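Reviewing the structure listed below.
The values are calculated or read from the model by the stated rules, or taken from the named source; none is laboratory data. Everything numeric here is computed off the predicted structure, so don't read it as measured data. Glycine also receives a Cβ, built like all others from the backbone with ideal geometry; neighbour counts cover every protein chain displayed. Calculation scope for accessible area: heavy atoms of the full protein, side chains included, ligands and nucleic acids excluded. Shrake-Rupley method; radii C 1.70, N 1.55, O 1.52, S 1.80 Å.
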Amino acid sequence: MTGTTGETGTTGTPTDGTGGAAAGAALGYEQARDELIDVVRRLEAGGATLEESLALWERGEELARICGEWLEGARARLDAALARDEAAEEADEEQTGEADGEDE
């Protein structure tokens, strides 16, 4: 799986542009989302030191990025599938049109 930053591999897995999985790509979308929810709850609850709050914020930003990459990958897969379906339908219509023209 190769790509540039922000791209996804063919399976929708985030990539880091170096040919390997992005940092945190070992986390699935649901896992990253659930951890992000926990980070937000902990920040909203308060009581953490400034340093702890900053660390939580940074982790939350990373988790949000990971979720975004997974969602971009899913969108790319859907777009590719829709494009294939459209191309197949157009090819079928062309073949049907040619076959109808031969009968006349």
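Give the residues of region 45-72 that are touching a Ser or Thr at 6+ places or on another chain (Cβ under 7 Å) and surrounded by fewer than 17 Cβ atoms within 10 Å (Cβ to Cβ), sorted by residue number.
Let us first name the residues in region 45-72 that are touching a Ser or Thr at 6+ places or on another chain (Cβ under 7 Å), namely 69, 72.
Correct list: GLU72 only.
Checking ARG42 against (1) open to solvent by less than 60 Å² (accessible area, probe 1.4 Å); (2) touching a Leu at 6+ places or on another chain (Cβ under 9 Å), which single condition isn't satisfied?
(1)
So is GLY24 at pLDDT below 90 and open to solvent by less than 50 Å² (accessible area, probe 1.4 Å) or not? Give the steps one after another, and end with the answer.
Numbers: at pLDDT below 90: yes; open to solvent by less than 50 Å² (accessible area, probe 1.4 Å): yes.
Taking the combined requirement at face value, the residue satisfies it.
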